[in-house]
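The values are calculated or read from the model by the stated rules, or taken from the named source; none is laboratory data. These figures come from a predicted structure and were not determined experimentally. Heads up, the Cβs are rebuilt from the backbone with ideal geometry, glycines too, and the neighbour counts pull from every protein chain shown. The accessibility values were calculated without ligands, DNA or RNA, using every heavy atom of the protein model including side chains. Shrake-Rupley method; radii C 1.70, N 1.55, O 1.52, S 1.80 Å.
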Amino acid sequence: MIRTKCTKKIYEGKKKLASARIPTNLRTLLILEILGKSDRPMTATQINDQLGLPKQTVHRLCVTLEDNGFITRPGNGKHYQIARRLRELGSGLLHNSRDHVARHQILSDVAETVRETVNYAVPRNDGMSYLDRVETDWLFRIQLPIGTSVPFHCTASGKAFLASLAPKQQQAMINALTLKKMTDHTHVVPQTLLEELRQIRKQGYSIDREEFLEGMVAIAVPVQDKQGRFIAALAYHGPTQRVSLTEAIDRKDFLVAAAEKLSRALMYGV
């Protein structure tokens, strides 16, 4: 009993010492960092296992972050995950850093090879948002400028993102989506979309068979972080008069190599 009490006092003393070393204005950033690195939602207790702060402090900070849109609790449960404002913060940091130059150069190299418009798209609340792009030099082209948001369910980049989700997240996401019919080729039945997403996950790329716009096809591959998590889609699209799906798929290895180069440039700075 004495040994147990002594061990508990030593543990609590170390915990207080560790928490005292974390500056107050750094604590919220550390919580966001822990959630950002996690591949699953976490409770406040699980977050605190890595911080060693007083329990009430972590709970209070999590509530503040949730109230301000940086983290969220799916279904109002006990587990937290990153939310819109934190995703947008991450995208903004990547966009405004010097890595933006390297990213744009890689997109330019892809565009020069495929001679079509190349996009770098990230997931947002209302769909996939074009964060960067390089336009083709053809006079006849489909213009979707930076900042444009396109649906998840009927675009190559959107389906690449959906395919990256864990099965339960994927099902929940599709249940929440409105599968609006954009063309005669658009998925409007959840089950057929799920079946294609399973195939995309296996093959490592997704295609748009005129599902978003009549007369336009596209192919996309995921750009991943060093934990293998989806951070963006690298895609190119073009009119069916110039680009066939067979040609696009034949060029997928070049797109995959460019996505790996993007990952190294963004995550490792090389």
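How far apart, in nanometres, would the label points at R85 and Q105 be if each is projected 7 angstrom from Cα along the Cα-to-Cβ direction?
3.6 nm
Rank by packing, highest mean first: peptides 177-186, 229-238, with packing defined as the count of other Cβ atoms within 10 Å averaged across residues.
Averaged packing, sorted descending, gives the order 229-238, 177-186.
Under the rule of at least 5 residues apart or a separate chain, name every residue whose amide H is placed under 5 Å from the amide H of A218.
Residues meeting the criterion, in which the H sits 1.01 Å from N, are D208, E210.
Of the listed pairs K202/K261; K180/K202; K159/K181, which have alpha-carbon separations greater than 23 Å here?
Listed pairs above 23 Å: K180/K202.
Report L131's accessible area, 1.4 Å probe, all protein chains in place, as a number in Å² to the nearest 10.
Roll a 1.4 Å probe over it and L131 shows about 20 Å².
What percent of all Cα-Cα pairs in region 145-270 falls into each 10 Å bin, going from 0 up to the bin containing the maximum distance?
Using 10 Å bins, I get a P(r) of 13, 44, 34, 8, 0 for region 145-270.
Excluding R229 itself, calculate the net charge of residues whose Cβ lies under 13 Å from the Cβ of R229, where each Lys or Arg counts +1 and each Asp or Glu counts -1.
+2
Just by accessible area at a 1.4 angstrom probe, what is the order of V101, V122 from largest to smallest?
Ranking V101, V122 by accessible area, largest first, yields V101, V122.
Between E195 and D253, with labels modelled 7 Å along Cα→Cβ, what's the label distance in nm to one decimal, could you check?
Each label point lies 7 Å from its Cα, and together they span 3.0 nm.
Tell me, in nm to one decimal, what length is gained between R264 and T24 on full extension, where the rule is 0.36 nm per residue of separation less the Cα-Cα distance?
Gain in length upon complete extension: 83.1 nm.
Considering only protein heavy atoms, with the full assembly of protein chains and a 1.4 angstrom probe, order I71, I82 by accessible area, largest first.
So, going from the largest accessible area down, we get I82, I71.
Around F152, which amide H atoms from residues at least 5 apart in sequence, or from another chain, sit under 5 Å from its own amide H, with H modelled in the peptide plane?
M128
Can you compute the FRET efficiency between D39 and V188 using 1/(1 + (r/R0)^6), with r the Cβ-Cβ distance and R0 = 35 Å? Round to the nearest 0.05.
0.70
For R87, R124, write out the residues from largest to smallest accessible area, computed with a 1.4 angstrom probe and no ligands counted.
Result, largest first: R87, R124.
What does the net charge come to around E196 if you take all other residues with beta carbon closer than 15 Å to its beta carbon, with K and R at +1 and D and E at -1?
Summing Lys and Arg as +1 and Asp and Glu as -1 gives +1.
Any idea how far apart T57 and Q241 come out in nm if each label point goes 7 Å out from Cα toward Cβ?
Going from the T57 label point to the Q241 one covers 6.5 nm.
Taking the Cα of A172, stepping 7 Å toward and past its beta carbon, and measuring to each backbone N in region 203-229: which are under 20 Å?
229
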